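The values are calculated or read from the model by the stated rules, or taken from the named source; none is laboratory data. Bear in mind that the values here come from a model prediction, so they are computed numbers and not experimental data. Cβ atoms come from the backbone with ideal geometry, glycine included; neighbour counts cover every protein chain shown. Side chains are part of the model used for accessible areas, which takes the heavy atoms of the whole protein and leaves out ligands, DNA and RNA. Shrake-Rupley method; radii C 1.70, N 1.55, O 1.52, S 1.80 Å.
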Amino acid sequence: MKALDELTFDNRFARLGDAFSTSVLPEPIADPRLVVSSAAAMALLDLDPAQAELPVFAEIFSGHKLWATADPRAMVYSGHQFGSYNPRLGDGRGLLLGEVYNDAGEHWDLHLKGAGQTPYSRMGDGRAVLRSSIREFLASEALHALGIPTSRALSVIGSSTPVWREKQERAAMVLRLAPSHIRFGSFEYFFYTKQPDELKALGEHVLAMHYPECLEHAEPYLAMFRQIVERNAELIAKWQAYGFCHGVMNTDNMSILGITFDFGPFAFLDDFDQNFICNHSDHDGRYSFSNQVPIGQWNLSALAQALTPFISVEALREALGLFLPLYQAHYLDLMRRRLGLTSAEDADATLIERLLKLMQTGGVDYTLFFRRLGDESAPVACSRLRDDFIDIQGFDAWAGDYQARIAREDNGSELERQTRMHAVNPLYILRNYLAQKAIDAAENGDYEEVRRLHSVLTKPFEAQPGMESYAERPPEWGKHLEISCSS
Ligand code: AMP
Ligand code: MG
């Protein structure tokens, strides 16, 4: 276990030079105070979790203090936002604070979001508000606990610094961890600005740092692109299987590592709704829940375009063609598991589709349905769940087919099926109304609720005595919370 001043920095991205990032110091926020920290994320840096309570922790992660060996940088990138190319984005309010190696030799980017203005801030103030910082923190740690690849969050530090959005709010900073903050848009930037040497340097950096096994391949860039396609297919299958809606799948928010990245107006589904749009500003539903799959492929083709100097168009097309079948295979596998199935039958896809249709028309809670289905023997569970559906006859027919299907499984007892299901079907997810309650308290200076919610979400599959209320469907006020892009 290390103290904060014992971290080992090796700022390899910073050393790529000024074409890739600009040296900027964080601008501190006033009266820093720890809102919440993640012991699990601290462990990634070998940090003793008790360090979070020290005043120096809040000072560092609010921009007041800095390691002499860190090299804070604002990274440049561009990207496709809602389908249109924006030639210049970049870290407008976040900084790659430094790059750390842990004792296991893993590389972690420390990224401080809300750290003040940079050359990429355009009209923005360089700040992040407390509510969006808390949302990013909780989402990162909750997705990780669900087994969904994601950037991590170390801490949220609150302040008294005022920030103007629709109303006056307070500034905060979230410390994000990821093995890399390089995005699809980082490649697009060097491609569209016609900087072939820099594009190549970026590609070699990513290959060496994050896809070293691809260097053995005859065509390393193609091998890397295939892996990126594979990882995104798996990632998006997990989002769809668990009801996570990212909200702003612009190519500047897509990680080159295939992890969930750059949280904005994201949401987990409460009632199942294919057409759910979590981003209030997404009027056309470009990033609606079901569109995440084709948009995932669209984003990969935008990345492919930026890689045309290294890979033939034909090979890129072929690799892109892997996306849908891989996605479907992962999705089907996850949904089978959610239903407690261990074998595969051709008709399973139809069984799943029929269920989702019934849930859609019935407004059935997506998370609780699967959890409850594993609470008891299938006939008892189904007879309890049928009242949640509007098309009760349709559900009864489905339940009959489901029970016949599990009867054909040659895999242990009913009890084993229930245990298997509970291990993959969470009881607790980050529902918007739960986040909102924690945010309301935090905005009044009370951080207990954020910390409790964080703690509950770190064990989403385990029933936690006393925490039953965290598993409940949203109350009326919490059903249609409008989450905008302003953060
Ligand atoms: P996002 O929607 O958070 O992914 O941000 C899109 C772009 O806008 C990125 O280049 C951000 O750095 C920039 N940006 C967002 N909010 C701010 C802000 N308050 N100040 C400066 N830049 C911002
Ligand atoms: Mg972004």
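Could you count how many residues in the range 358-386 are closer than 20 Å to LYS479 by Cα, surrounded by fewer than 19 Cβ atoms within 10 Å (Cβ to Cβ) and either without any contact (Cβ under 8 Å) to a residue 60 or more places away in the chain or hydrophobic (A, V, I, L, M, F, W, C) (or both)?
Residues flagged as closer than 20 Å to LYS479 by Cα, surrounded by fewer than 19 Cβ atoms within 10 Å (Cβ to Cβ) and either without any contact (Cβ under 8 Å) to a residue 60 or more places away in the chain or hydrophobic (A, V, I, L, M, F, W, C) (or both) within the range 358-386 amount to 1.
Of all the residues that make up the range 151-206, how many are hydrophobic (A, V, I, L, M, F, W, C), within 20 Å of GLU106 (Cα to Cα) and in a helix (DSSP H, G or I)?
2
Of everything in the range 354-389, what is in a helix (DSSP H, G or I), within 25 Å of the chain's Cα centre (by Cα) and either of a type in the set (Val, Ile, Thr) or closer than 16 Å to GLN240 by Cα (or both)? Give them in sequence order.
If the condition is that a residue be in a helix (DSSP H, G or I), within 25 Å of the chain's Cα centre (by Cα) and either of a type in the set (Val, Ile, Thr) or closer than 16 Å to GLN240 by Cα (or both), then LEU356, MET359, GLN360, TYR366, THR367, LEU368, PHE369, PHE370 are the ones that fit.
Looking only at the range 247-267, which residues are in contact with a Phe, Trp or Tyr (Cβ under 8 Å, 6 or more places away or on another chain), away from ligand 1 (no atom under 11 Å from the Cβ) and not β-branched (Val, Ile, Thr)?
Result: SER255, PHE266, ALA267.
Scan the range 162-188 and report the pairs whose first residue is free of Cβ contacts under 8 Å to residues at least 40 places away in the same chain and whose second residue is within 14 Å of ligand 1 (Cβ to nearest atom) and open to solvent by 10 Å² or more (accessible area, probe 1.4 Å), with Cβ atoms within less than 7 Å and a gap of 6+ or a chain change.
PRO162/ARG170; VAL163/ASP125; VAL163/ARG127; VAL163/GLU169; VAL163/ARG170; GLN168/PRO162
How do the strands (runs of 3 or more DSSP E) wholly within the range 51-105 filter down when requiring 1 or more residues that are of a type in the set (Ser, Thr, Tyr) and either surrounded by fewer than 21 Cβ atoms within 10 Å (Cβ to Cβ) or within 16 Å of ligand 1 (Cβ to nearest atom) (or both): which remain?
84-86, 94-101
Pick from the range 234-262 the residues that are near ligand 2 (Cβ under 9 Å from one of its atoms) and of a type outside the set (Asp, Glu): which of them is nearest to SER151 (Cα to Cα)?
Only one residue fits best here, namely PHE261.
Can you name the number of the only condition in (1) open to solvent by less than 30 Å² (accessible area, probe 1.4 Å); (2) in contact with a Ser or Thr (Cβ under 9 Å, 6 or more places away or on another chain) that HIS144 fails?
(1)
Answer with yes or no whether THR22 is assigned to a loop (DSSP other than H, G, I, E, B) and open to solvent by 30 Å² or more (accessible area, probe 1.4 Å).
It is false that THR22 is assigned to a loop (DSSP other than H, G, I, E, B) and open to solvent by 30 Å² or more (accessible area, probe 1.4 Å).
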